[in-house]
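Reading through the structure tokens given below for one structure.
The values are calculated or read from the model by the stated rules, or taken from the named source; none is laboratory data. In this text the structure is predicted, and so the values were computed from the model without any measurement. Quick reminder, even Gly has a Cβ in these numbers, built from the backbone with ideal geometry, and neighbours come from all protein chains shown.
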Amino acid sequence: MTRVDERLGWTRREAIGLLGMALAGASARSASAAPTFPKGAIIRTLLRDYAPEELGGGATLFHEHLSFPPDFLPRFIKYSAETAARNRPPNAPPPPAPPQPPPAPAGKFFMQDLDVMAEEIAIAKREGIACIVDGGHPDMGRDINFLKQVSEKSGMPIVAGAGFYNEPFYPPEIATMSEDQVFDAIMKQVRADNIGAFGEIGSWDYITKVERKVFRATGRAHLATNIPIFTHTGIPGKSALEQLDIIEDVGVDPRHVVIGHVGNLVDSNVDVHKAICRRGAFVGFDRQGGPGDTPVVPMVMALLEAGFADNLLFASDFSSANQLKRNNKEMGYAKTLTVFVPKVKAAGASDEVLRQIMVDNPRRFLAFVPKIKRKA
Ligand SMILES: [Zn+2]
């Protein structure tokens with residue numbers, strides 16, 4: 001039996017058992033405790049639209065990556081190092097050398113290898129995942145046909161994202177386009193493919209003028225389509241509240257918004273996190289299932305104690321070959337469920353609350369009444 005976390009004595013079997021147990025518990029709960037969805041709401045995946053109830057048999061991961069080109073992570077690391085250098089106070093000691101991307105394994109990049117991805121995603125399905133959202137879009141090099149093939153071959157429903165990522169990754173013309181033109185460009189993506197979420201929509205560091213324009217255009221695209229929005233905040237969680245301000249200012253109901261990567265904003269008082277919850281949006285603890293869990297678990301517990309179970313979403317922002325099951329038996333695409341959730345349980349969260357966060361909250365976030373018909 002494989003250990004998920006030796007210190008806690010949790011096994012993968014127990015982690016899946018936890019979800020199964022909690023699912024069984026759910027059927028015994030009163031009907032009023034089950035999540036309710038607006039009439040006509042669907043979850044739009046690449047292969048078909050689902051009634052939200054159909055995806056209640058497992059966890060949904062609201063922010064992962066299944067399709068990147070090989071240069072995505074190196075670019076991300078390069079821009080991070082440049083930002084850190086720019087933000088360094090004068091006279092500060094020189095920064096440590098930036099982390100280098102792990103050496104690329106020989107052969108095809110895993111996110112372009114259909115056999116590898118289909119096998120890894122099929123394993124995640126067996127480990128209790130019912131649906132996965134891919135947070136990529138064209139400016140990140142996401143290949144939507146590859147995602148469709150992975151979904152077909154693995155049997156995993158996959159939701160495709162759309163929009164624009166953040167300033168370092170924008171196509172150059174975004175800088176000079178009007179807000180209306182950016183809106184039109186987002187709508188063009190929605191009409192071209194069966195899009196189920198706008199995301200990840202980001203600010204790289206402090207939010208820039210161009211990024212504000214994209215956030216406003218994305219909010220307007222939500223109003224035109226009802227498609228939900230999830231964001232990327234710069235490290236550590238910079239501009240989280242300003243992102244929500246901009247989206248709300250154009251008229252978006254925060255219940256259709258996740259402010260993402262706020263696990264990077266380590267604060268035992270969880271002030272910003274609570275402010276996001278109070279306004280009705282979701283907080284995304286979406287880089288979980290690894291060393292970053294340690295500061296996040298107490299923040300999750302603080303938010304649960306404050307009564308915000310309805311506003312929490314967990315995922316892993318999967319991006320590196322090292323995390324594949326074939327390279328590390330304790331990882332894999334389901335690591336949010338198999339590695340992170342047991343830690344939150346050990347800290348005192350109930351099975352019922354964990355089931356709600358992993359199974360119900362993401363479906364409440366993703367379900368929308370479509371204004372644009374599904375493409376055949
Ligand atoms: Zn991401």
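Values as computed for the structure displayed
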| item | result |
| --- | --- |
| Every pair of residues 6+ apart whose Cβ atoms lie under 7 Å, when the first sits in the range 62-75 and is assigned to a strand (DSSP E or B) while the second is more than 11 Å from the ligand (Cβ to nearest atom) and of a type in the set (Val, Ile, Thr) | Phe62/Val258; Glu64/Ile132 |
| Residue within the range 84-98 that is over 20 Å from Ser316 (Cβ atoms), modelled with pLDDT of 90 or more and not in a strand (DSSP E or B) present | no |
| The range 215-242, residues that are in a helix (DSSP H, G or I), within 16 Å of the ligand (Cβ to nearest atom) and in contact with a helix residue (DSSP H, G or I) (Cβ under 6 Å, 6 or more places away or on another chain) | Ala240 |
| Condition met for Lys108 (surrounded by fewer than 23 Cβ atoms within 10 Å (Cβ to Cβ) and outside any helix (DSSP H, G or I)) | yes |
| Tabulated pairs, the range 147-159, first under 16 Å from Thr60 (Cβ atoms), second among the β-branched types (Val, Ile, Thr) and assigned to a loop (DSSP other than H, G, I, E, B), C-beta under 6 angstrom, 6+ apart or interchain | Pro157/Thr45; Ile158/Thr45; Val159/Thr45 |
| Thr294 within 15 Å of the ligand (Cβ to nearest atom) and either in contact with a Lys or Arg (Cβ under 8 Å, 6 or more places away or on another chain) or outside any loop (DSSP other than H, G, I, E, B) (or both) | no |
| Identity of the residue in the range 122-142, acidic (Asp, Glu) and within 16 Å of the ligand (Cβ to nearest atom), that ends up modelled with the lowest pLDDT | Asp139 |
| Residue that is modelled with the highest pLDDT, among those in the range 320-341 that are within 16 Å of the ligand (Cβ to nearest atom) and polar (S, T, N, Q) | Thr336 |
| Residue within the range 308-319 that is at pLDDT below 95 and either touching a helix residue (DSSP H, G or I) at 6+ places or on another chain (Cβ under 7 Å) or not charged (D, E, K, R) (or both) present | yes |
| Single match in Arg255, Arg278 (criterion: in contact with a Lys or Arg (Cβ under 9 Å, 6 or more places away or on another chain) and surrounded by fewer than 15 Cβ atoms within 10 Å (Cβ to Cβ)) | Arg255 |
| Residues satisfying the stated conditions in the range 300-326, i.e. without any contact (Cβ under 8 Å) to a residue 60 or more places away in the chain, more than 15 Å from Ile132 (Cβ to Cβ) and surrounded by fewer than 22 Cβ atoms within 10 Å (Cβ to Cβ) | Met301, Ala302, Leu303, Leu304, Glu305, Ala306, Gly307, Phe308, Ala309, Asp310 |
